[in-house]
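Working notes, structure below.
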Amino acid sequence: MTVNTILFDLDGTLLEMQTDPFVKSYLKEVGRHVGDQFDTQKLLSLIWDATKAMIVSQEPDKTNEQVFIEYFTTHSDWKREEVWPLFDSFYRDVFPTLSHLTYPSPWAKRIVEAAKNQGFRVAVATNPVFPREAIYHRLAWIGMTADEFELVTVYEDMHSTKPNPSYFAEICEKLGVEPTDCVMVGNHMQEDMVASKLGMKTFLVTNWMEDRGEPQYPVDQRGSLEELYQAIEAGTGVFAR
């Protein structure tokens with residue numbers, strides 16, 4: 001069965017980076033931005049716990065944003081209107097400066113353009129634990145915009161996260177495709193290759209590969225970003241039409 005849609009992970013795939021060092025530096029910058037207005041360690045722990053609440057959420061009627069806000073406000077001594085302006089200014093003013101923690105290369109744009117030239121529909125299937133603004137900034141770091149994709153998953157719109165298979169099912173629903181119409185391209189064994197459980201083909205990008213060991217999932221094809229580009233361009237392997 002041929003595929004017509006490619007779902008691209010962002011962090012560690014289109015945007016070359018190591019996730020853990022990025023997240024640590026990101027949280028450090030949040031703390032610096034907050035300064036002495038709040039108990040920084042308490043705030044950062046709350047952000048982390050609210051993020052974990054999104055990841056384990058089994059409430060399909062709530063967006064990830066709603067889960068995050070609900071957890072944060074329920075477990076916090078601060079009111080939302082006290083803290084959220086700081087979050088908003090952080091994503092507006094500070095987050096764009098974190099591009100130095102990543103290694104943007106020309107491959108991302110070339111890969112997406114090759115996919116479009118071959119007639120594939122393209123979407124960004126990045127873990128939607130960040131607000132839209134932060135994800136759009138990360139796209140800008142690789143010289144791209146959300147308008148170049150049919151869908152970019154953000155925490156305001158999605159109702160689950162990786163590695164929950166329902167995250168990939170929701171993408172299919174939004175795009176009006178079947179899982180068997182799709183190839184999931186990503187660098188993470190547990191968070192990206194889990195898409196195979198729904199019947200999606202998978203391509204594991206090896207440049208910044210992450211593998212926590214268990215569980216393991218079927219990988220239909222693997223290779224570097226250059227090899228990914230060549231496979232899409234040539235229409236070989238999982239990209240055969």
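The values are calculated or read from the model by the stated rules, or taken from the named source; none is laboratory data. Just so you know, these numbers come straight off a predicted model, no measurement behind them. Here the Cβ positions follow ideal geometry from the backbone for every residue, glycine too, while neighbour counts run over all protein chains shown. The protein model used for the area step is the full one, side chains on, heavy atoms only, and it has no ligands, DNA or RNA in it. Shrake-Rupley method; radii C 1.70, N 1.55, O 1.52, S 1.80 Å.
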> In the stretch 1-16, how many are touching a strand residue (DSSP E or B) at 6+ places or on another chain (Cβ under 8 Å), surrounded by 18 or more Cβ atoms within 10 Å (Cβ to Cβ), in a loop (DSSP other than H, G, I, E, B) and at negative phi?
Replying inline: 5
> Which is buried (at least 16 other Cβ atoms within 10 Å of the Cβ) and in contact with a Phe, Trp or Tyr (Cβ under 6 Å, 6 or more places away or on another chain), of Ser160, Ser76?
Replying inline: Ser160
>> Regarding the stretch 79-93, can at least one residue be identified that is closer than 25 Å to Tyr167 by Cα, within 19 Å of the chain's Cα centre (by Cα) and part of a helix (DSSP H, G or I)?
In response: yes
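Answer yes or no: is there a residue in the stretch 30-42 that is assigned to a loop (DSSP other than H, G, I, E, B), among the β-branched types (Val, Ile, Thr) and open to solvent by less than 40 Å² (accessible area, probe 1.4 Å). Steps first, please.
Quick first cut of the stretch 30-42, residues assigned to a loop (DSSP other than H, G, I, E, B) only: 35-39.
When the remaining residues are screened for being among the β-branched types (Val, Ile, Thr), the result is none.
No, the conditions are met nowhere in the stretch 30-42.
Going through the stretch 193-213 one residue at a time, which ones are more than 19 Å from the chain's Cα centre (by Cα) and in contact (Cβ under 8 Å) with a residue 12 or more places away in the chain? Please lay out each step first, then the result.
Here is the first cut: in the stretch 193-213, the ones more than 19 Å from the chain's Cα centre (by Cα) are 199, 213.
Hit for the stretch 193-213 is Gly199, nothing else.
Considering only residues that are of a type in the set (A, V, I, L, M, F, W, C) and in a helix (DSSP H, G or I), which ones fall in the stretch 17-29?
Our first condition is that a residue be of a type in the set (A, V, I, L, M, F, W, C); within the stretch 17-29, this holds for 17, 22-23, 27.
Across the stretch 17-29, the qualifying residues are Phe22, Val23, Leu27.
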>> Give me the residue from the stretch 94-134 that is among the polar types (S, T, N, Q) and open to solvent by less than 20 Å² (accessible area, probe 1.4 Å) and, out of that set, nearest to Asp157 (Cα to Cα).
In response: Thr126
> Quick check: anything in the stretch 19-26 open to solvent by less than 30 Å² (accessible area, probe 1.4 Å), of a type outside the set (Gly, Ala, Ser), under 19 Å from the mean Cα position of the chain (by Cα) and modelled with pLDDT of 95 or more?
Replying inline: no
>> Residue pairs, Cβ under 6 Å, 6 or more apart or interchain, first in the stretch 91-108 and more than 14 Å from His137 (Cβ to Cβ), second among the acidic types (Asp, Glu) and open to solvent by less than 30 Å² (accessible area, probe 1.4 Å). List them.
In response: Tyr103/Glu16; Ser105/Glu16
> Which numbered condition trips up Thr145, out of (1) within 23 Å of Glu59 (Cα to Cα); (2) open to solvent by 30 Å² or more (accessible area, probe 1.4 Å); (3) without any contact (Cβ under 8 Å) to a residue 40 or more places away in the chain; (4) within 15 Å of the chain's Cα centre (by Cα)?
Replying inline: (1)
>> Taking the condition of being in a helix (DSSP H, G or I), open to solvent by less than 50 Å² (accessible area, probe 1.4 Å) and either closer than 29 Å to Tyr91 by Cα or in contact with a helix residue (DSSP H, G or I) (Cβ under 7 Å, 6 or more places away or on another chain) (or both), how many residues in the stretch 167-211 meet it?
In response: 11
